[in-house]
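A.B. asks: Would you mind keeping the following structure in view while I ask a few things?
Just so you know, all these numbers are worked out from the coordinates, no wet-lab data involved. Remember, predicted model here, so these are calculated numbers, not experimental data. Heads up, the Cβs are rebuilt from the backbone with ideal geometry, glycines too, and the neighbour counts pull from every protein chain shown.
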Amino acid sequence: MKKKDQKENMLFFAWAVSVIATLGSLYFSEIKQYEPCELCWYQRILMYPQTILLGLALVKKDYKAAFYTAVLSGMGLLLSLYHYLIQKVPFFTANSPACGRVPCSGQYINWAGFITIPFLAFIAFTLIFSVSLLLLKQLKENER
């Protein structure tokens, strides 16, 4: 596979992950009627623009957009990890600040005893972050 095709596939993968994450969060809030907590809103703020950024980057074959998605997804993975810790680790649960009308420690889903909405967001942010770093690495190698 050519490097160009590989980069395009990675960009498509990152875009697909962002679309699935965006649609998943909208499903939980609009169809299942789960009201997002404050930390969930911040995670949405970091995920939703990536759908547009990565979509435009894919159409324009702009692999340098990986820098922006790395920054957004890096912040998102840290935030979703913190949110997950609030849900699952008693120390964080007991010491977390109030989070608005909906407590950030609440778990609308708890599949297999560990998969919660922030966990799903963490996986999505991690995938996008990893692909973004790989794209940036390939761009740097191509400059040499």
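A.B. asks: How do 17-24, 104-111 rank on mean C-beta neighbours within 10 Å, highest first?
C.D. replies: 17-24, 104-111
A.B. asks: So, one more: What ranking, highest mean first, results for peptides 123-129, 39-45 when packing means the other Cβ atoms within 10 Å averaged over each residue?
C.D. replies: Listed from highest to lowest mean packing, they are 123-129, 39-45.
A.B. asks: Right, next: Can you compute 3J(HN,Hα) from phi for each residue in segment 61-76, using the Karplus curve 6.51 cos²θ - 1.76 cosθ + 1.60 with θ = phi - 60°, rounded to whole Hz and x for Gly and Pro?
C.D. replies: 6, 9, 6, 6, 5, 4, 4, 5, 6, 5, 5, 4, 6, x, 5, x
A.B. asks: What 222 nm value per residue comes from the helices of the chain, counting each DSSP H run with n ≥ 4 as -39,500 (n - 2.57) and dividing by all residues, nearest 500 deg cm²/dmol?
C.D. replies: Using -39500 (n - 2.57) per qualifying helix, the result is -24500 deg cm²/dmol.
A.B. asks: Semi-axes of the equivalent ellipsoid of the chain: what are they in whole Å, largest first, if each equals the square root of 5 times a C-alpha gyration tensor eigenvalue?
C.D. replies: Semi-axes (√(5λ), whole Å): 31, 15, 12.
A.B. asks: By average Cβ neighbour count within 10 Å, what is the ranking of 134-142, 88-96, 76-84 from highest down? Numbers along the way, then the final one.
C.D. replies: On the way: 134-142: 14.0, 88-96: 12.3, 76-84: 20.9.
Ranking the peptides 134-142, 88-96, 76-84 by packing returns 76-84, 134-142, 88-96.
A.B. asks: Taking Cα centroids, how far is segment 105-144 from segment 66-103 in Å?
C.D. replies: What the calculation gives is 13 Å, centre to centre.
A.B. asks: Stretched out fully, how many nm does the piece from Ile123 to Asn95 gain, at 0.36 nm a residue minus the Cα gap?
C.D. replies: Details: separation 28, 0.36 × 28 = 10.08 nm, distance 2.44 nm.
7.6 nm is the gain from fully extending Ile123 to Asn95.
A.B. asks: What is the Å³ per residue value for the convex hull set by the Cα atoms of segment 1-55?
C.D. replies: In segment 1-55, the Cα convex hull volume per residue is 70 Å³.
A.B. asks: Taking the chain as the reference, fit the longest principal axis to its C-alpha atoms, fit the long axis of helix 117-143 to the helix C-alpha atoms, and give the angle between the two in degrees, 0 to 90, nearest 10.
C.D. replies: It is inclined by approximately 20 degrees.
A.B. asks: Starting from the Cα of Phe13, move 7 Å in the Cα-to-Cβ direction to define the label point; list residues of segment 30-59 whose amide nitrogen is under 17 Å from there.
C.D. replies: 54-55, 58
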